[in-house]
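Quick note: the coordinates plus some simple rules give every number you see, no bench work behind them. Computed from a predicted structure; not experimentally measured. So basically every Cβ, Gly included, is an ideal-geometry build from the backbone, and we count neighbours across all protein chains shown.
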Amino acid sequence: MNKSCYIYLWVIFSVFLSCKTHPDSNRHYSDNDPKKAYRLQLNPKPGLQYTYSITKETEFQVEMEGKEVDNKTRVTIDVSYTIGRDSAGDVVLNMVYNKIHLYTKAGDTETDLDADNAEGSADPAERMLALLKGGPIQAVVTPAGQIKGYKGVDEIRDKVLAKFDPSDTYGKSMAGKQWDERIKEGMIKSNMEQLFSIFPDSVVHIGDRWKLSSTQKEGISLNSRSSFQLKEIVDGTAVVREEGEISSDRGAGEMGGATFTADLKGKQEGEFEMEAETGMLLSSDVNSTIKGTMNMMGRDIPMNIHMSMKMRGGKR
């Protein structure tokens, strides 16, 4: 397998592994019997604005031709959410990205993309980030934290693709695919799920636990099962702890025209602080470690993956 295949492999994994749980996750509630019950759900007041700084890092190690190759990606984002409501009672989040910085290292190849440097840039990916930064995006989220839909994302995508030469069908197709995988799914959707897909479906007491499980299909099926616990509520801030397991289902997939199977297992741990009254996060720290192999073109490729995601924010 040539080097470019490994780089492509790493890019795909850095995208789909950044996802956490999906809105259609199965929700289960385990009841203890303490004194006071709390309902943790999304309930911010319209007109308020919350701003977050998010840093996501992924280190991906594969063994290639007897040598260990270390790949890294780091995404830094500043994003603001202005709160609204719709007629159904769902929360409308008007999103503006204030900063987008993406660094990747795949083998000996390094890429540094910054939306602030896009003017005059020859890199189409950097210009793509600039359009995302400048474009308004709207998301609709239920009080339970389920994301119902987005507005504005596909419109920005269309602006990106409109800048391509009509004869450059390959470049246009690849740009559209990168937007869908790395921006829409890997950045916007995964960050939203990190913020909101953690609520129980019933009232909870201090010490209670609830579970979220999901199956993600981003080139490969990956099952995530996490247990959340309400540790404490201090001065209106709820502290929630997460412990989970991640595994592949060993099903076949396709990447770069080649089929593969994967045997991956790992653990995920995190801690979240949120406004107990509104459900809006104030901070989160999530770390995941995944190990295993991918069988591709008759070869077993050992891999180790470590991911971390840190978020800090609150009302402006």
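The table that follows gives values for the structure above.
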read-out	value
Which listed pairs, of 105/184; 36/291; 67/172; 72/267; 67/133, have C-alpha distances above 29 Å, in listed order	36/291; 67/172; 67/133
Per-pair calculated FRET efficiency, R0 = 22 Å: residue 98 and residue 159 via Cβ, rounded to 0.05	0.70
Partners for residue 148 among aspartates and glutamates (Cα-Cα distance below 15 Å; same-chain residues under 8 apart left out)	24, 86, 90, 185, 193
